[in-house]
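In what follows, a single structure is set out as structure tokens and then discussed.
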Amino acid sequence: MKSKRLDSDFYTRDVLEVAPDLIGKILVRRLPTGEELRFRITETEAYRGVEDTGCHAKAGKTKRTETLYMKGGHTYVYLCYGVHHLINAVTGAEEQPQAALLRGVEGFYGPGRLTKAMQITKDLNAIDLTKSDEIWIEDDGTKPKYVTGKRIGIDYADEFYRNIEWRFTAPSEIKPKKTIKIKADSSKKKKA
């Protein structure tokens, strides 16, 4: 089956449907040079509105979180701990903040490694995944099984939301045998 870009109907569903359905889909990033990076999504997490104390929307709509309140199908990209950019696919209806964090793609485990490898920064925040020529997600018909687990890095959430299994991870057969290493930018090396 030829890959097809996901449309608005895919994203405007509840995050608890979208996040697991993203497993096996292909994240595509077209660089300014025209080169396309294409990686299969292997791990996601669901964040579900103001009631979810693990979700950025828990404190309501702010300048930082306004993208979460957009109609499903937009990117929500933010800087985590001042170090790593993380990318989410906004889901659901407008003004109902939900998003699926993209935690991993083939070869790059962890949301910071994913965004570094694919050159995703805050410049790609609030992009419409259904129309953009810079970033989008495709479906080639692959429908892997997945396992669920607790979300990672949300110690601040209350016990219920810390323990709920809203992380979705692909089985080992679609994961590579080893992680691809990212070369460090030599201009940022510390002086001796």
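Just so it is clear, none of the values below were taken in a lab; they were calculated from the coordinates. Keep in mind that what you see is a predicted model, and the values were worked out from it rather than measured. FYI the Cβ positions are ideal-geometry reconstructions off the backbone, even for glycines, and counts take in every protein chain you see.
Some points to look at:
- Residue among THR33, THR75, THR44 with the largest mean-square fluctuation in a Gaussian network model of the chain, springs linking Cα atoms under 10 Å: THR33
- Computed on segment 4-170, the Cα convex hull volume stands at 103 Å³ per residue.
- Considering only VAL147, VAL28, VAL105, the mean-square fluctuation computed in a Gaussian network model of the chain, springs between alpha carbons under 10 angstrom, is largest for VAL147.
- Across segment 54-62, coupling constants 3J(HN,Hα) worked out from phi with the 6.51/-1.76/1.60 Karplus curve, θ = phi - 60°, read x, 8, 4, 6, 4, 8, x, 7, 10 Hz, and Gly and Pro carry x.
- Given +1 at the Cβ of Lys and Arg, -1 at the Cβ of Asp and Glu and no other charges, the dipole of the chain around its Cα centre is 1180 debye to the nearest 20.
- The chain: calculated mean residue ellipticity at 222 nm from DSSP helix runs of at least 4, using -39500 (n - 2.57): -2500 deg cm²/dmol
- In percent, rounded to a whole number, the relative contact order of segment 64-155 is 25, using alpha-carbon pairs under 8 Å and six or more apart.
- Among VAL50, PRO20, GLY92 - extreme Cα towards positive end, dipole of the chain, charges at beta-carbon: PRO20
- Top of ARG40, ARG30, ARG113 by mean-square fluctuation, Gaussian network on the chain, Cα under 10 Å: ARG30
- What the Cα atoms of segment 58-125 give is an Rg and a Dmax of 12.0, 35 Å.
- Hz values of 3J(HN,Hα) by residue in segment 30-45 - Karplus curve (6.51, -1.76, 1.60), Gly and Pro given as x: 9, 6, x, 6, x, 5, 10, 9, 9, 9, 6, 6, 10, 8, 9, 9
- Segment 1-48 and segment 85-137 have Cα centres separated by 8 Å.
- With a simple spin-label model that places each label point 7 Å from the Cα along the Cα-to-Cβ direction, the separation between TYR109 and GLU134 comes to 3.1 nm.
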